[in-house]
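Worksheet: one structure, shown below.
The values are calculated or read from the model by the stated rules, or taken from the named source; none is laboratory data. Remember, predicted model here, so these are calculated numbers, not experimental data. Positions of Cβ are backbone-derived with ideal geometry, glycine not excepted, and every protein chain shown enters the neighbour counts. Please note that ligands, DNA and RNA were not included when accessible areas were found on the heavy atoms of the full protein model with its side chains. Shrake-Rupley method; radii C 1.70, N 1.55, O 1.52, S 1.80 Å.
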Amino acid sequence: MAVTEAAPATTAHEGILRRQSLRESAARTYARSLPIVPVRARGLTIEGADGRRYLDCLSGSGTLALGHNHPVVLEAIKKVIDSGAPLHVPDLATPVKDAFTTELFETLPRSFADQARVQFCGPAGTDAVEAALALVRTATGRSGILAFAGACHGMTAGALTVSGGAPDVQVTRLPYPQDYRCPFGIGGARGSELAGNWTANLLDDPRSGVVPPAGMILEPVQGEGGVIPGPDSWMRRMRKITGDRSIPLIADEVQTGVGRTGAFWAVEHSGIVPDVMVMSKAIGGSLPLAVIVYRSELDCGEPGTHAGTFRGNQLAMAAGAATLAHVRENRLAERAADLGARMIGRLRGLATDHPVIGDVRGRGLMIGLELVDPEAAEAASTEAARTTAAADARGPGAGVPAPDGPSPADPVLAAAVQRACLARGLIVELGGRHASVVRLLPPLTLTDEQAEAVLDRLADALSAAERAVHGRLDTCPRTEPPPPFPPAAQGSTP
Ligand code: PLP
């Protein structure tokens, strides 16, 4: 047989991408916006089949708390393989599972862990959400669920109904407090207080039409909804409202858990203890794993309730236990809080030069940049002023209020920023109600230097995308040094 020369790397890369688009479902997502072919990865860096390197701030949709192929994760996986242990058993007891559960309970607030139960369910976050909904419905005998606008809890039927945008008669949709696009138009402490009042009022009004709730499900920080942190005072209010009315509170920590927001579990910021915690993503150390942990009083399901074949992935449990222990022992949650605050500070500095950055928000290393179109807002305001003047001329009461508040979201610019980031070797995610929020979910092991490189590339990409989309002059010329990156507090770099 004739020896043929290996095809050049770029050809192989293009062929793989072409075959993917020919063979895979129209439902594919990241594959469209991130046309790369990862072949190697370590820490923050992914190497593509085309030989290019990328800084990965998508982190497997927030799964990789320690980045790609962290040595402690690889070591834990190798240990299980070398031991001859079974790789998969449904929900049987194994030493690997025992060690995972012990480590998981070690990370929980003591008062919760002391009387908690854990259920291993199917391997995805959405499975755990289904299990949580089934648990509280069985325990309370009620069927309604309280959930929040903008929420994302997964893609299976029950999880979809509690996610924003999916109407369901059993689900009462409540306002999630947010400063930038506050549903009450005021934001801040008062906006969040009104969101709480709305919830309490709806539950206490005998004519509100709320289906008696089996539970309330919330994300301590809405991730896919646009990186919106629930204020601590509002979290405490939700705990009190649900506690006073015997409604189990379910905290969905699928994305916020394992140090991501600057506390090991995001509920710790407010000091609340939920009745149920939903966990997935990082708890499997990059492999699929999901559990719910809950107060033992709720444990009244029949054997087989929300069972599934894939509840016993030993490699995921070993990788997960190693990840949990590494984050805990190296205080990576504190590191995420410190570094995240400094990154947000620098991005806010960038926003002063770029009016298209409507808002910079986040908690820890869960960061979002909402992109807007200020010119569209100006045009709308001029049009409103013109309409108002015409209405005033027609007589009292016919006036149209001029639009105020935030500028319209700019998903076109956000997509252009994502492309420009990729061209500069930076992978970012998009999210938010209007897909206009550029999201950063870097690993908790991110160094100061890497953070600086990420922000430099993002700033450069933003300027380029602005020029491309709006044909505007570069408001942040490349020759001008970016705002300084604040130094770490003494001793905070691991
Ligand atoms: N809950 C939250 C808060 C999420 O962000 C997600 C996914 O992003 C899910 C649940 C669903 O998890 P999975 O995609 O593993 O089903």
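Number of residues in segment 28-43 that are assigned to a loop (DSSP other than H, G, I, E, B) and open to solvent by less than 80 Å² (accessible area, probe 1.4 Å): the value is 5. Candidates are the residues of segment 270-288 that are within 11 Å of the ligand (Cβ to nearest atom) and touching a strand residue (DSSP E or B) at 6+ places or on another chain (Cβ under 6 Å); the one that is nearest to residue 260 (Cα to Cα) is 279. Just one of the numbered conditions (1) free of Cβ contacts under 8 Å to residues at least 24 places away in the same chain; (2) among the polar types (S, T, N, Q); (3) within 16 Å of the ligand (Cβ to nearest atom) is not true of residue 101: (3).
Checked against the criterion of being of a type outside the set (S, T, N, Q), open to solvent by 40 Å² or more (accessible area, probe 1.4 Å), in the same structural domain as residue 253 (by TED's automatic domain parsing) and under 23 Å from residue 370 (Cβ atoms), the candidates 183, 167, 212 yield just one match: 183. Within segment 293-308, the set of residues being among the aliphatic types (A, V, I, L, M) and either at positive phi or modelled with pLDDT under 95 (or both) comprises just one member, 307.
Among the listed residues 154, 150, 141, which satisfies the condition of being within 21 Å of residue 208 (Cα to Cα) and either of a type in the set (Gly, Ala, Ser) or not assigned by TED's automatic domain parsing to the domain that holds residue 301 (or both)?
Values: 154 fails: within 21 Å of residue 208 (Cα to Cα); 150 fails: within 21 Å of residue 208 (Cα to Cα).
The conditions single out 141.
Checked against the criterion of being under 30 Å from residue 72 (Cβ atoms), surrounded by fewer than 20 Cβ atoms within 10 Å (Cβ to Cβ) and at pLDDT 95 or above, the candidates 351, 333, 341 yield just one match: 341.
Please enumerate the residues belonging to segment 149-163 that are in a loop (DSSP other than H, G, I, E, B) and open to solvent by 30 Å² or more (accessible area, probe 1.4 Å). Spell out how you get there, then give the answer.
Filtering segment 149-163 down to residues in a loop (DSSP other than H, G, I, E, B) leaves 149-156, 163.
Listed by number, the residues that qualify are 149, 152, 155, 156.
Can you pull out every residue in segment 123-147 that is within 11 Å of the ligand (Cβ to nearest atom) and either of a type in the set (S, T, N, Q) or open to solvent by less than 10 Å² (accessible area, probe 1.4 Å) (or both)? 126, 128, 129, 132, listed by residue number.
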